[in-house]
Amino acid sequence: MKMKKSYITAFSTMLGASLLLVACGGGSTPTTSSSTTAPGAASPAATKKADGPKLTFRLAETHPADYPTTLGDKKFAELVNQASDGRIKIDVFPASQLGEEKAVIEQVQLGAIEFTRVSTGALGGFNKQYEVFSLPYIFDNDNHQWKFLESEQGTKLLDSLESSRMKGLAYYSSGARHFYSKKPIKSIADLKGLKIRVIQNKVNIDLMNALGANATPMPYGDVFNALQTGVIDAAENNYPSYFSSNHFQQAKNLILDQHQRVPEVLLISKVAWDKLSNDDKALIKKAALESVKTQKAEWDKFEKDSEAKVKAAGVTITDVSDLKPWQDAVKPVIEKYRTEYKETLEAIEKARK
Ligand code: GTR
């Protein structure tokens, strides 16, 4: 029998919530003190091992186990476990096992899932501030983007997630996004009238309209089938996602237009965050920032690897030597949001220098 994904998600959420209750001693605020050893009992080391972790959390990840963001998540979990001397355990659930990004974010807001790594594109549907990342051509390259992400305004944006019941811990790399289609696409004109899957947020809809295409928002996990059955004509993503999702098998025409650079975020539910001691908050934040190095290194490797693999698979790749016509076509989108994101856009501009 084929169980509907939503049931599986709901079930896994309930299961996870009850596991958490068990781990936290019946739902009360978890204690972080180690247990006392009774006279004649095993040595402290043995006791500690038998005790296991005091806090067990779940981290939801869309991508498969070998994807760079998942490797970043795992590094983060490992660093937290080390720094807490085994007291805090974070189990990483890759491949959308806990649900698609939108559903996961809702669960995180409620505290049913504690951690996740998601795209700022998906966060745009929950926190208006995050839509800024979906604006086209605001970053020249990864270096420019990182200069902004690490700036005061970048940190301020990460912190602004608190108003959406989440706490941003770190940004991760995500490269540039490009269009890919079932039919050949050699220029902007070829996008006209195409049904293009996008991450659900307002800016993405405006962006597709500006290009004369029809935006079709849907969960990432549905895109492969939608391409296969012709529900959509095209989609857009970075090289690693295009490759690892197998979209390249269905949409064999890629145009390197670099329309967006939408970073990833590692975050924790505000509900879970508020229950942590200050020491645990500090070690979690530190581990998240330390895991960025691993994620970036894995990203660079995987990006090159994915490019080579889709080329070897016979994908038709169109280079865009002059981005100007593309930038001109989507200028109205930037103009529409310029006042709303004035402060952030100015900080992005400043990071360019
Ligand atoms: C990827 C991103 C995912 C997801 C996906 C999408 O680049 O890493 O988190 O947002 O794009 O297009 O839905």
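The values are calculated or read from the model by the stated rules, or taken from the named source; none is laboratory data. Note that the coordinates shown come from a computational prediction; the quantities given were computed from them, not determined experimentally. Glycine also receives a Cβ, built like all others from the backbone with ideal geometry; neighbour counts cover every protein chain displayed. Side chains are part of the model used for accessible areas, which takes the heavy atoms of the whole protein and leaves out ligands, DNA and RNA. Shrake-Rupley method; radii C 1.70, N 1.55, O 1.52, S 1.80 Å.
Suppose every K and R has +1 on its Cβ and every D and E has -1 on its Cβ; what is the size of the dipole of the stretch 226-312 about the Cα centre, in Debye to the nearest 20?
180 debye
About the Cα centre of the chain, what is the dipole size in debye to 20, counting +1 per Lys and Arg Cβ and -1 per Asp and Glu Cβ, all else neutral?
Charge dipole of the chain: 400 debye, to the nearest 20.
Can you send over the carbon and sulfur percentage of the accessible area for the chain, probe radius 1.4 Å, protein chains only?
55 percent
Give the calculated FRET efficiency between Q249 and D274 to the nearest 0.05, with a Förster radius of 56 Å applied to their Cβ-Cβ distance.
So, using R0 = 56 Å, E works out to roughly 0.80.
Taking Cα pairs under 8 Å and at least six residues apart, what relative contact order does the chain come out at, in percent?
Averaging sequence separation for qualifying contacts and normalising by length gives 22 percent for the chain.
Quote to one decimal, in nm, the extra length available between E290 and E343 on full extension: 0.36 nm per residue of separation minus the C-alpha distance between them.
Difference between extended and current length: 16.3 nm.
Lys and Arg at +1, Asp and Glu at -1: add these up for the other residues within a Cβ distance under 15 Å of K304 and post the number.
It works out to a net charge of -3.
Efficiency by 1/(1 + (r/R0)^6): what FRET value for D85 and S187, r their Cβ-Cβ distance, R0 = 51 Å, to the nearest 0.05?
Computed FRET efficiency for D85 and S187 comes out at 0.30.
Rounded to the nearest 5, what is the percent of antiparallel bridges among the DSSP beta bridges in the chain?
Of the beta bridges lying entirely in the chain, close to 50 percent run antiparallel.
Taking only protein heavy atoms and a 1.4 Å probe, what accessible area per residue, in Å², does the chain have with all protein chains in place?
46 Å²
Counting pairs on different chains as well as pairs 8 or more places apart, how many Lys pairs in the stretch 214-319 have Cα atoms under 26 Å apart?
26
Working out 0.36 nm times the residue gap between T316 and F224, then minus their Cα-Cα distance, what length gain in nm do you get to one decimal?
31.3 nm
Taking the Cα centre as origin and putting +1 on Lys and Arg beta-carbons and -1 on Asp and Glu beta-carbons, what dipole magnitude results for the stretch 109-229, to the nearest 20 debye?
520 debye
Could you tally the net charge around D233, taking each other residue with its Cβ under 13 Å from the Cβ of D233, Lys/Arg +1 and Asp/Glu -1?
Neighbourhood net charge equals +4.
At a Förster radius of 30 Å, what calculated FRET efficiency corresponds to the Cβ-Cβ distance of N209 and Q97, to the nearest 0.05?
Computed FRET efficiency for N209 and Q97 comes out at 0.30.
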